[in-house]
Amino acid sequence: MKTALIMGLLAVQTAAMAETNWDQLVLEAPEAKTYRVELDKRFVEFDLVKFNSGKVRFNGFSRLSSKDKVKLVYHMKKKGLEEACRDYAELGGRYKFKAELVFKKGAVAKDFSFNLDGKTYSSADFDNQLSIGKVAVEELGASERSPYTNSANEEISEYSELMNSAIENAHGDTVVVDLSKNLGIACDIGLGFIKPVVTQTISYEKAMPNLSYWIDQKSYNELYRLFNDEMKKVSPSIERDVQKFNEGLVLGWSLAQGNERLKDVVLKNGDKGAKLLKSLKLKGESSEATESMWRQTFDYAKPTSLMTNQKLSIVSGDVFVEVVNE
């Protein structure tokens, strides 16, 4: 039993330490398919890349926002927030009331599942490393230094530290920030002078090799039309060498109709010519070239920097205000 446990731990460690085979990804990249997956309608979307080998790699969030608004709850004897804040400012802070800011700790769970092509996946199935990072409240800029905070004290400098300390100490997904001792901040948030911005940082290994293209899509589409129109005039041959010669001849003629730079690029690099010819022979949609065909001509290479970070605003805007009269 003990031996089995040790072997199991070693297997887990080996899997965790496995490195991406970038040489293989470079070979698979031209056939890879990209998808946009919606986790939560209007709130969470991400991109992924699926390879013919079955690998699925995370490619960043296209949208990440919390569906729960920031809520600010005031407990006071006064009827209105403006009146209470005015009294607080005029009395030099001697007028007190309770206030708490409530928001969710993140817009997406560290482990999530989704459907793709009729199959259920989890984030643990991604071939590349993904880390759902920390949530933080952004510091305020100079333009956001607001009337009630300035009239009371220098507590504005404590704003982000106060918020982020509450995030770190929160139990569960809900963050509660007690602003009863920071009523200048509470008034400025409640009256719309300060609009809290909550961010979440995502880190992941890049999904795809770096790509570059030497023929733009417009030129490729025109070349595709020229090549295939001309090939229709050439009698197909059952002899492979003859057919290859005819295709090469038509490709040369088609390139000659375009710009000199493109012709020089192909003539100086046999690999580019071979990739170009292979892609032009594919059948497009309604005799038109497709983006996936154009992608066959791309050059792919291992990224020099493997990891990338996204810092996304998950909450930004108005705060829902609730006044509880006591």
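The values are calculated or read from the model by the stated rules, or taken from the named source; none is laboratory data. Keep in mind the model is a prediction, meaning the values are calculated, not measured. Note that we place each Cβ from the backbone using ideal geometry, even for glycine, and neighbour counts take in every protein chain shown. What goes into the accessible areas is simple: the full protein's heavy atoms, side chains included, and nothing from ligands, DNA or RNA. Shrake-Rupley method; radii C 1.70, N 1.55, O 1.52, S 1.80 Å.
Looking at segment 69-79, which of its residues are under 16 Å from ILE189 (Cβ atoms) and not aliphatic (A, V, I, L, M)? Walk me through it before giving the result.
So the first thing to find is which residues in segment 69-79 are under 16 Å from ILE189 (Cβ atoms), and the list is 69-76.
LYS69, LYS71, TYR74, HIS75, listed by residue number.
Go over the candidates SER292, SER305, SER313 one by one and state the one that is of a type in the set (Ser, Thr, Tyr), assigned to a loop (DSSP other than H, G, I, E, B) and either open to solvent by 30 Å² or more (accessible area, probe 1.4 Å) or within 26 Å of VAL26 (Cα to Cα) (or both).
Working: SER292 fails: assigned to a loop (DSSP other than H, G, I, E, B); SER313 fails: assigned to a loop (DSSP other than H, G, I, E, B).
Only one candidate passes the filter, namely SER305.
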Segments classed as helices (runs of 4 or more DSSP H), wholly inside segment 85-197, with at least 1 members that are touching a residue at least 24 places away in the same chain (Cβ under 8 Å) and touching a Ser or Thr at 6+ places or on another chain (Cβ under 7 Å): 183-190
Residue match in segment 64-72 (condition: of a type in the set (S, T, N, Q) and either surrounded by 14 or more Cβ atoms within 10 Å (Cβ to Cβ) or more than 39 Å from the chain's Cα centre (by Cα) (or both)): yes
Residue under evaluation VAL102, criteria (1) surrounded by 15 or more Cβ atoms within 10 Å (Cβ to Cβ); (2) of a type outside the set (D, E, K, R); (3) not assigned by the TED database to the domain that holds ALA170, criterion not met: (3)
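Does TYR204 satisfy the condition of being touching a strand residue (DSSP E or B) at 6+ places or on another chain (Cβ under 6 Å) and of a type in the set (Phe, Trp, Tyr)?
Values: touching a strand residue (DSSP E or B) at 6+ places or on another chain (Cβ under 6 Å): yes; of a type in the set (Phe, Trp, Tyr): yes.
Answer is yes for this residue.
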Any hit, segment 264-284, residues being out of contact with any helix residue (DSSP H, G or I) (no Cβ under 7 Å at 6 or more places or on another chain), part of a strand (DSSP E or B) and not assigned by the TED database to the domain that holds ASP173: no
